[in-house]
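Participant: Pasting a structure here, questions to come.
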Amino acid sequence: MFEQAQQALQEYYGYQSFRVGQEKIIKNILSGYNTLGIMPTGGGKSICFQIPALCFPGVTLVISPLISLMKDQIDSLNTIGIPATFINSSLEWIEIEERIEMARRGDYKLLYIAPERLESEDFLSRLNAIDISMLAVDEAHCISSWGHDFRPSYRLIPKLINNLASRPLVTAFTATATQEVRDDINELLGISTENTFVTGFDRPNLTFKVIKGENKRDFIEEYLSVNQDDAGIIYAATRKEVEALYNFLNNRGYSVGKYHAGLDHEERKKTQESFIYDDLKVIVATNAFGMGIDKSNVRYVIHHNMPKNIEAYYQEAGRAGRDGEDSECILLFSPADIRLPKYFIDQSKLSEERKEYEYDKLQKMIDYSYTGKCLRHFILDYFGEENPKESCDNCTNCNGEGDLEDITVEAQKILSCIYRTEQRFGIGLVAAVLKGSKRQKVLENGFDELSTYGIMSHYKIKEIKNLINFLIAEGYVLLSNSKYSVTQLSPKAMPVLKGEEKVYHKIRKRIEKVFVKNELFDILRDLRAELAKAEDLPPYVIFQDSSLKEFASKLPQNKDDMLKVKGVGFIKYQKYGKQFLEKIREYQIQNRSEESKVNQSNQEKVPSHLISYNLYQEGKSLEEIAEIRGLVISTIESHMIKVSTEGYEIDLESFVPDEYKEMIVEKIKEVGDEKLTPIKQELPTEVSYFHIKIMLMQDRLKDAI
Ligand code: ADP
Ligand code: MG
Ligand code: ZN
């Protein structure tokens, strides 16, 4: 039966292969076992029940918590030719009757229902008339009171299972992996632990970034100015913050919407729809936004504030890049953000034990913000993925974003101060002592007599606290785990205090565009928007950005070429293929005349480096020039150097990030300028030969050597 499943994946969905986790889960379901699949947001859970539904006789009943999501999923299924429908409170009575009748006749492979339906005895008995071979419980964590979205109606699912004339195969899916939630699902739905799969937590196309110590608004504005063509979500902690940030961005002319529970239903719905239909690029929202969003071309998710735990973070951040294209998840961190989630836990009516549990989870989130190790590894390890790689080359910590800064001396000062304050105080007091504050508590304890008093007076309090938190995340300092968090030295602190080991810290690089595309992509995106409007469908339901990108780079010429593109199945090809093929051909014909222009100019012998220079003068970036000319970036870099030596006007230094300049110059002074390799080797990897060459050409250096 698995072959049938693979065929369905190719024919309906247009995907070549299952993801690793999907294969395991689907095989297990097809073998007839009740199965629980735990995969991250965007990991591809829907296919895990949709494809078995196609393989089994009868109907698969899907319990899904959100009405908005249901309609989207059904639209998507129908556009790829799978008969499916939904029943929820948005329908008239008569429509419900019709759909039940059609399901009874076997006209659908999937029937989605809202859990609240199960409250009606009448509805339960009506379901009995339908040949239900499988039950799929989506967002299954809603069944557990440990989960973040407990839905009492989910507790009626066991009753549904028992009531059905013949017992269906039970499958359940969630992104929440905590043991408590898992246990609840296993028990309530009758799924054994051997049939529980925690898998596929890695989302390789997502870049993880933690940005600290920056003005958040400045960062966001700079970010949007670079990425304003693309869709993104910005999460803020409170309604008030959403409003403020929304106003700030709106006043600066960005295409933004806002979403939080304080707005009325109509307004929220409108905003959500404009976003889904690509009319609105950016949403500023509280965590109320997103459960109903399967929009696949969200290119970035920025967290203006830290969420309360890693589960929430990965779920929200995971809404980026469902289509598999490069996307970014950015956490803007400031230590003050810890206060709010901590306050919520404090004020909650939870038992002491449960509070402890929530504090623990919050601390993990804080650790994520401060760790100097691979962010992806941290997340995968947290979710219990087997043997995650130690580094990913795709997060701020692995990419060596920014300079490595030696903070050994600062670390020694802090560690020594913690020791001298007898390891009895929190971060705030330790920072105050280092700063040389005259706070009552400092004076009362006689800490102004300590040798560490005021030894970091030239730092801002905030900066000192940042450093302390960094040392906590790196395990040099321990924090006792209670309401009053007390700082203590770990064994790791000793070698640092004795000067046997160094401590390093990183600083951020400049912002770059997330999604690089060409002209044809934009043309195809316009065509898609047109078709979407005509059919009243979200654009990504027609083709995902990833398919458009492949069209634009591979230039399919016929049906066969087109079916090879990821995300193009038979039905979709029939519906839309021809129109896209035509556009691609049209573009190629136009471009051929462009090409011949380029050839002409070649005949006039315009040297290659000057063609690049002309594009540079038009304001194109080096990456764009490389893309336009079909050349690698290092060639374009050498063109820039060449034009400069020939005396053309060009600001080479602007290609070197400010924070590298001094570092490179210092290294050249130290190592000499005969050879590049020794200089490069001694600098962080993100400093390129191009950067070094440029600095070597600068006058200030000539004087120095
Ligand atoms: P989840 O429910 O786990 O959050 P979805 O089921 O919505 O995730 O899937 C996320 C995205 O991944 C969708 O755009 C889907 O089409 C895509 N996808 C799923 N499986 C595959 C696959 N095997 N190959 C390529 N894309 C896939
Ligand atoms: Mg889903
Ligand atoms: Zn990494």
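The values are calculated or read from the model by the stated rules, or taken from the named source; none is laboratory data. What you see is a predicted model; the values in this text were computed from it and never measured. As a convention, Cβ positions derive from the backbone with ideal geometry for all residues, glycine included, and neighbour counts pool all protein chains shown. The area values use the complete protein model at the heavy-atom level, side chains included, leaving out ligands, DNA and RNA. Shrake-Rupley method; radii C 1.70, N 1.55, O 1.52, S 1.80 Å.
Participant: Which one of the conditions (1) modelled with pLDDT of 95 or more; (2) part of a helix (DSSP H, G or I) does Tyr33 fail to meet, given that it meets all the rest?
Facilitator: (2)
Participant: Would you confirm whether or not the range 344-357 contains a residue that is closer than 18 Å to Met306 by Cβ and open to solvent by less than 30 Å² (accessible area, probe 1.4 Å)?
Facilitator: Yes: the range 344-357 contains one or more residues that are closer than 18 Å to Met306 by Cβ and open to solvent by less than 30 Å² (accessible area, probe 1.4 Å).
Per-residue answers, yes or no, for (1) polar (S, T, N, Q); (2) in contact with a Cys (Cβ under 8 Å, 6 or more places away or on another chain); (3) in the same structural domain as Ile293 (by TED's automatic domain parsing); (4) open to solvent by 40 Å² or more (accessible area, probe 1.4 Å):
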site: Ile191; (1), (2), (3), (4): no, no, no, no
site: Val210; (1), (2), (3), (4): no, no, yes, no
site: Asp218; (1), (2), (3), (4): no, no, yes, yes
site: Gln228; (1), (2), (3), (4): yes, no, yes, yes
site: Ala231; (1), (2), (3), (4): no, no, yes, no
site: Tyr235; (1), (2), (3), (4): no, no, yes, no
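Participant: If Val433 meets every condition in (1) open to solvent by less than 60 Å² (accessible area, probe 1.4 Å); (2) more than 16 Å from ligand 3 (Cβ to nearest atom); (3) outside the structural domain of Leu478 (by TED's automatic domain parsing) apart from one, which number is that one?
Facilitator: Here Val433 clears every test but (3).
Participant: Follow-up question, since we're still on this one. So which residues in the range 402-416 are open to solvent by 10 Å² or more (accessible area, probe 1.4 Å) and within 16 Å of ligand 3 (Cβ to nearest atom)?
Facilitator: Leu404
Participant: Sticking with this structure for a sec: Being over 11 Å from Leu135 (Cα atoms), open to solvent by 10 Å² or more (accessible area, probe 1.4 Å) and more than 9 Å from ligand 1 (Cβ to nearest atom) is the filter here, so list the residues in the range 32-57 that pass it.
Facilitator: Those that are over 11 Å from Leu135 (Cα atoms), open to solvent by 10 Å² or more (accessible area, probe 1.4 Å) and more than 9 Å from ligand 1 (Cβ to nearest atom): Gly32, Tyr33, Leu54, Cys55, Phe56, Pro57.
Participant: Is there a residue in the range 258-281 that is within 16 Å of ligand 2 (Cβ to nearest atom) and over 30 Å from Tyr476 (Cβ atoms)?
Facilitator: Yes, some residue in the range 258-281 is within 16 Å of ligand 2 (Cβ to nearest atom) and over 30 Å from Tyr476 (Cβ atoms).
Participant: So if I check each of Lys109, Lys71, which one is in contact with a Pro (Cβ under 6 Å, 6 or more places away or on another chain), more than 10 Å from ligand 1 (Cβ to nearest atom), over 26 Å from Pro204 (Cα atoms) and open to solvent by 30 Å² or more (accessible area, probe 1.4 Å)?
Facilitator: Working: Lys71 fails: in contact with a Pro (Cβ under 6 Å, 6 or more places away or on another chain).
Sole residue among the options that is in contact with a Pro (Cβ under 6 Å, 6 or more places away or on another chain), more than 10 Å from ligand 1 (Cβ to nearest atom), over 26 Å from Pro204 (Cα atoms) and open to solvent by 30 Å² or more (accessible area, probe 1.4 Å): Lys109.
Participant: Could you grab me the full set of residues in the range 354-392 that are within 16 Å of ligand 3 (Cβ to nearest atom), acidic (Asp, Glu) and at pLDDT 90 or above?
Facilitator: Let us first name the residues in the range 354-392 that are within 16 Å of ligand 3 (Cβ to nearest atom), namely 367-383, 385, 387-392.
If we keep only those that are acidic (Asp, Glu) too, we end up with 367, 381, 385, 390.
Once the filter is applied, which keeps residues that are within 16 Å of ligand 3 (Cβ to nearest atom), acidic (Asp, Glu) and at pLDDT 90 or above, the range 354-392 yields Asp367, Asp381, Glu390.
Participant: Next up: Please identify the pairs in which a residue from the range 165-188 that is under 19 Å from Thr199 (Cβ atoms) has its Cβ atom under 8 Å from the Cβ atom of a residue that is within 16 Å of ligand 1 (Cβ to nearest atom) and open to solvent by 50 Å² or more (accessible area, probe 1.4 Å), counting only partners at least 6 apart or on another chain.
Facilitator: Thr176/His148
Participant: Moving on to the next point. Mind checking which residues of the range 129-149 are open to solvent by 10 Å² or more (accessible area, probe 1.4 Å), of a type outside the set (Ser, Thr, Tyr) and more than 15 Å from Leu169 (Cα to Cα)?
Facilitator: Ala129, Glu139, Trp146, Gly147, His148, Asp149
Participant: Of the residues in the range 484-500, how many are in contact (Cβ under 8 Å) with a residue 12 or more places away in the chain and more than 16 Å from Met365 (Cα to Cα)?
Facilitator: Let us first name the residues in the range 484-500 that are in contact (Cβ under 8 Å) with a residue 12 or more places away in the chain, namely 484-490, 492-493, 496-497, 499.
Still in the running and more than 16 Å from Met365 (Cα to Cα): 484, 486-490, 492-493, 496-497, 499.
The number of residues fulfilling the criteria is 11.
Participant: Also: For the range 334-349, does any single residue satisfy the condition of being touching a strand residue (DSSP E or B) at 6+ places or on another chain (Cβ under 8 Å) and modelled with pLDDT of 90 or more?
Facilitator: No: zero hits.
Participant: Let me ask you something else. Suppose we filter the range 189-218 for residues that are in a helix (DSSP H, G or I), free of Cβ contacts under 8 Å to residues at least 12 places away in the same chain and within 19 Å of Ala336 (Cα to Cα); how many remain?
Facilitator: Qualifying residue count, the range 189-218: 1.
Participant: From Asp673, Asp658, Asp651, which residue is more than 26 Å from Ser553 (Cα to Cα) and touching a residue at least 12 places away in the same chain (Cβ under 8 Å)?
Facilitator: Asp673
Participant: Looking at the range 147-185, which of the residues that are modelled with pLDDT of 90 or more and among the charged types (D, E, K, R) is nearest to the chain's Cα centre (by Cα)?
Facilitator: That would be Arg182.
Participant: Scan (1) more than 16 Å from ligand 2 (Cβ to nearest atom); (2) open to solvent by 20 Å² or more (accessible area, probe 1.4 Å); (3) under 21 Å from the mean Cα position of the chain (by Cα) for the single condition Gly200 breaks and write down its number.
Facilitator: Exception for Gly200: condition (1).
Participant: Continuing with the same structure: With (1) within 16 Å of ligand 2 (Cβ to nearest atom); (2) at pLDDT 95 or above; (3) open to solvent by 20 Å² or more (accessible area, probe 1.4 Å) as the list, and Ala317 as the residue in question, which single condition is left unmet?
Facilitator: (3)
Participant: Select from the range 446-467 the residues that are aliphatic (A, V, I, L, M) and part of a loop (DSSP other than H, G, I, E, B) and list them in ascending order.
Facilitator: Leu450, Ile455, Met456 - these are the residues of the range 446-467 that are aliphatic (A, V, I, L, M) and part of a loop (DSSP other than H, G, I, E, B).
Participant: I would also like to ask the following. Taking the criterion of being free of Cβ contacts under 8 Å to residues at least 12 places away in the same chain, open to solvent by less than 40 Å² (accessible area, probe 1.4 Å) and of a type outside the set (Asp, Glu), would at least one residue in the range 436-456 satisfy it?
Facilitator: yes
Participant: Please go through the range 664-674 and pick out each residue that is modelled with pLDDT of 75 or more and either outside the structural domain of Gln698 (by TED's automatic domain parsing) or surrounded by fewer than 12 Cβ atoms within 10 Å (Cβ to Cβ) (or both).
Facilitator: Glu670, Gly672
Participant: Continuing with the same structure: Condition first: within 16 Å of ligand 1 (Cβ to nearest atom) and either open to solvent by 30 Å² or more (accessible area, probe 1.4 Å) or without any contact (Cβ under 8 Å) to a residue 12 or more places away in the chain (or both). Now tell me which residues in the range 376-401 satisfy that.
Facilitator: Once the filter is applied, which keeps residues that are within 16 Å of ligand 1 (Cβ to nearest atom) and either open to solvent by 30 Å² or more (accessible area, probe 1.4 Å) or without any contact (Cβ under 8 Å) to a residue 12 or more places away in the chain (or both), the range 376-401 yields only Glu385.
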